[in-house]
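Input: a single structure, listed below in structure tokens.
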Amino acid sequence: MIDAVGLHKVYRLKKHRVTALNGVDLHVEPGEIYGVVGQSGAGKSTLLRSVNLLERPDAGTVTVDGEELTSLRGARLRTARRGIGMVHQHFALLSSRTVAGNVGFPLEVSGVGRAERRERVGELLDLVGLGDKARAYPSQLSGGQKQRVGIARALASRPKVLLSDEATSALDPATTDSILALLRRLRDELGLTILLITHEMDVIKKICDSAAIMENGEFREAGRVLDLIGTPGSLLARSLFPLPDLAGPDTVVVTYPRSFDEPLMSELTRRFDVDVNILGGGVEQVAGQSVGRLGVDVRGARRSQALTYLSEHGLLVEEAGE
Amino acid sequence: MTADTAATLILAANTDAAGPWEAVVAFLRDWPNMWPDLWLATQDTVYMVLWATIFSVLVGLPLGVLLVTTDRGGLTPAPVVRAVLSAVVNIGRSLPFIVLMVAVLSLTRFLVGTTLGPTAAIVPLSIGAIPFFARLVETSLREVDREVVEAAHAMGTRRFTIVGKVMLPEALPGLIAGLVMTVVALISYSAMAGAIGGGGLGDLAIREGYQRFNDHYLWATVILLIVIVQAAQSLGDLLVRRLTRR
Ligand SMILES: Nc1ncnc2c1ncn2[C@@H]1O[C@H](COP(=O)(O)OP(=O)(O)OP(=O)(O)O)[C@@H](O)[C@H]1O
Ligand SMILES: [Mg+2]
């Protein structure tokens, strides 16, 4: 649904140049929720803003729903943008307009008549659970409610794609959860494709099907979340499951990209006569599945057989000492 | 010497009346005689200020918008245009009004046919207030949230529409406050315009009050000017409060 190839972007400041995007390829499947994480200044916002061409990349192409946006300008680009909704960190609502006025804004701009607008705004507000707030002003709403208005507005022109730059960063944890649940519901009900930027690993864990880790304008890792977690040396796995510092000589990190299977550990002791000592870790719901990741000391003469046994049962085993 | 007697002395020196109370009574007695002059002058002042305000908005508002949109990172960046506009505005702002008034005399004669009277005064008043209002417009537009403007872009909004439907409405309370400041400045400028025969309350104060030593005219014009400024300010404050949704 979103295909960006070879994106480069350099900002030229007075003294120096900042490379915000350094050859990024992004592929988002239809109906997918795709998260991009990375440190501040990694180039996440620049990437997102390149997708609807708020920022024109220096090189590379962006194709959304089969249309190559990088080849469009002026009126045709504006029309194409209407097929891409955007949600902002600080909501970006017009303080001079009511909730209904804000949600109706994109329709007004694209020339939809008053009566039709009214009806659509009503639908949208019901969709995000704010049916009773149509006449309120943004200043009278809570942060979570404002973001719901922002989401309703982004959906007004029936886009297939929704872009979100830190949409939950200004919200408390409970409100964040409710907004994430709303995004997932919208994806399920409307078949939306969602590309979101976040610095919270929790957001990736809770709603993302795919993810990319960004650093210095490049993707370090990208793909489906569960695949990445099952890949040896995965940065994403390490960020999602921070383990205590455990670089003992006999330590392994065991990742279970499926339901946690505790008896397996006692099985190990019985079969191979090894000492198994769990150092830390945990089980989490990721992309709708429980995934476990543990730091374990495995000691004994038949250690390597024991580890092979784990691998054969579909567990990812990595030596932590290296 | 008490404060009271000091006040009496000062008033006595100025009015030749026996005491402050008598001075006030004499002033009030004189009011009906002065009223026809005062009423005419007030009308002239309102007439000058009103028209100059209209011209200031007609020219100053687009000018202020351009100062913002042509800036780097604005809707239509044009550094050269902006530098020229900004320089013109600065020149207008740096001239004291009394100098500007004299400097544009020939323009006034060309446009109005005379340099005397309230209509002629509208020319320098407008020229003085346009850059003043333009800067105030610029300042309020700059306070509009960048994210909101960006959101409008993301929704496929034309730049012209962004100015009309996003920037100006979002800045409206600030624009009204700026308009009130401009009106108040114009009232004070209009009194100065009186010095070179512009008519209005300032003219009356100088002709009757200063040149003929008639203090009653001086007090009366001061009172009327204060009333007009207060009325403009209160009306503006009321509007700003009504329009602010933050
Ligand atoms: N308009 C701009 N002009 C100059 N430099 C910019 C501009 N926008 C971004 N940059 C620079 O490009 C780099 C990437 O910025 P970007 O905003 O994409 O980072 P980010 O990953 O979104 O960071 P954050 O998590 O803080 O939002 C940064 O070094 C930033 O300073
Ligand atoms: Mg950012």
- Inside region A:75-97, can you point out the residues that are under 16 Å from A:Thr63 (Cα atoms) and within 7 Å of chain B (Cβ to nearest Cβ)? A:Arg78, A:Thr79, A:Arg81, A:Arg82
- Query: Is it true that some residue in region B:115-126 is open to solvent by 70 Å² or more (accessible area, probe 1.4 Å) and under 28 Å from B:Gln43 (Cβ atoms)?
  - Reply: yes
- Query: Within the bounds of region A:161-174, is there any residue that is in a helix (DSSP H, G or I), free of Cβ contacts under 8 Å to residues at least 60 places away in the same chain and away from ligand 2 (no atom under 16 Å from the Cβ)?
  - Reply: yes
- Note on the structure: The correct count of residues that are under 30 Å from A:Met214 (Cα atoms), modelled with pLDDT of 80 or more and surrounded by fewer than 13 Cβ atoms within 10 Å (Cβ to Cβ) in region A:234-281 is 1
- Message: I'm told A:Asn216 meets every condition in (1) open to solvent by 40 Å² or more (accessible area, probe 1.4 Å); (2) within 16 Å of ligand 2 (Cβ to nearest atom); (3) within 17 Å of the chain's Cα centre (by Cα); (4) at pLDDT 90 or above except one. Can you identify the failing condition by its number?
- Response: (3)
- Total residues in region A:148-176, condition over 17 Å from A:Gln89 (Cβ atoms) and of a type outside the set (Gly, Ala, Ser): 5
- Message: Against the condition open to solvent by 20 Å² or more (accessible area, probe 1.4 Å) and within 28 Å of B:Val123 (Cβ to Cβ), how does B:Ala191 come out, does it pass?
- Response: yes
- helices (runs of 4 or more DSSP H) wholly inside region A:1-112 containing at least 3 residues that are more than 17 Å from the chain's Cα centre (by Cα) and either surrounded by fewer than 18 Cβ atoms within 10 Å (Cβ to Cβ) or within 15 Å of ligand 1 (Cβ to nearest atom) (or both): A:74-81
- Message: Can you confirm whether B:Ile162 is over 25 Å from A:Ala154 (Cα atoms) and β-branched (Val, Ile, Thr)?
- Response: no
- Task: List every residue pair whose Cβ atoms lie under 7 Å apart, where the two residues are 6 or more positions apart in sequence or sit on different chains, the first residue falls within region A:2-23 and is within 14 Å of chain B (Cβ to nearest Cβ), and the second residue, located anywhere, is within 8 Å of ligand 1 (Cβ to nearest atom).
- Result: A:Tyr11/A:Val18; A:Tyr11/A:Ala20
- Could you tell me which numbered condition A:Val298 fails, if it satisfies all but one of (1) surrounded by 21 or more Cβ atoms within 10 Å (Cβ to Cβ); (2) within 20 Å of the chain's Cα centre (by Cα)? (2)
- Please find, within region A:219-233, the residue that is least open to solvent (accessible area, probe 1.4 Å) out of those that are within 14 Å of the chain's Cα centre (by Cα) and under 17 Å from A:Val283 (Cβ atoms). A:Val225
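Yes/no per residue for (1) within 16 Å of ligand 1 (Cβ to nearest atom); (2) in contact (Cβ under 8 Å) with a residue 40 or more places away in the chain; (3) closer than 26 Å to A:Val51 by Cα; (4) open to solvent by 30 Å² or more (accessible area, probe 1.4 Å):
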{"position": "A:Arg118", "(1), (2), (3), (4)": "no, no, no, yes"}
{"position": "A:Leu124", "(1), (2), (3), (4)": "no, no, yes, no"}
{"position": "A:Val128", "(1), (2), (3), (4)": "no, yes, yes, no"}
{"position": "A:Ala136", "(1), (2), (3), (4)": "no, no, no, no"}
{"position": "A:Gln140", "(1), (2), (3), (4)": "no, no, no, yes"}
{"position": "A:Lys146", "(1), (2), (3), (4)": "no, yes, yes, yes"}
{"position": "A:Ile151", "(1), (2), (3), (4)": "no, yes, yes, no"}
{"position": "A:Ala154", "(1), (2), (3), (4)": "no, yes, yes, no"}
{"position": "A:Pro159", "(1), (2), (3), (4)": "no, yes, yes, no"}
- Query: So how many residues does region B:106-126 have that are among the hydrophobic types (A, V, I, L, M, F, W, C) and either in contact (Cβ under 8 Å) with a residue 40 or more places away in the chain or in a loop (DSSP other than H, G, I, E, B) (or both)?
  - Reply: 5
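The values are calculated or read from the model by the stated rules, or taken from the named source; none is laboratory data. Worth saying up front: this structure is predicted, and the values here are computed from it rather than measured. Reconstructed Cβ throughout: ideal geometry from the backbone, glycine too, with neighbour counts over all protein chains shown. Accessible surface areas use protein heavy atoms only, side chains included; no ligands, DNA or RNA. Shrake-Rupley method; radii C 1.70, N 1.55, O 1.52, S 1.80 Å.
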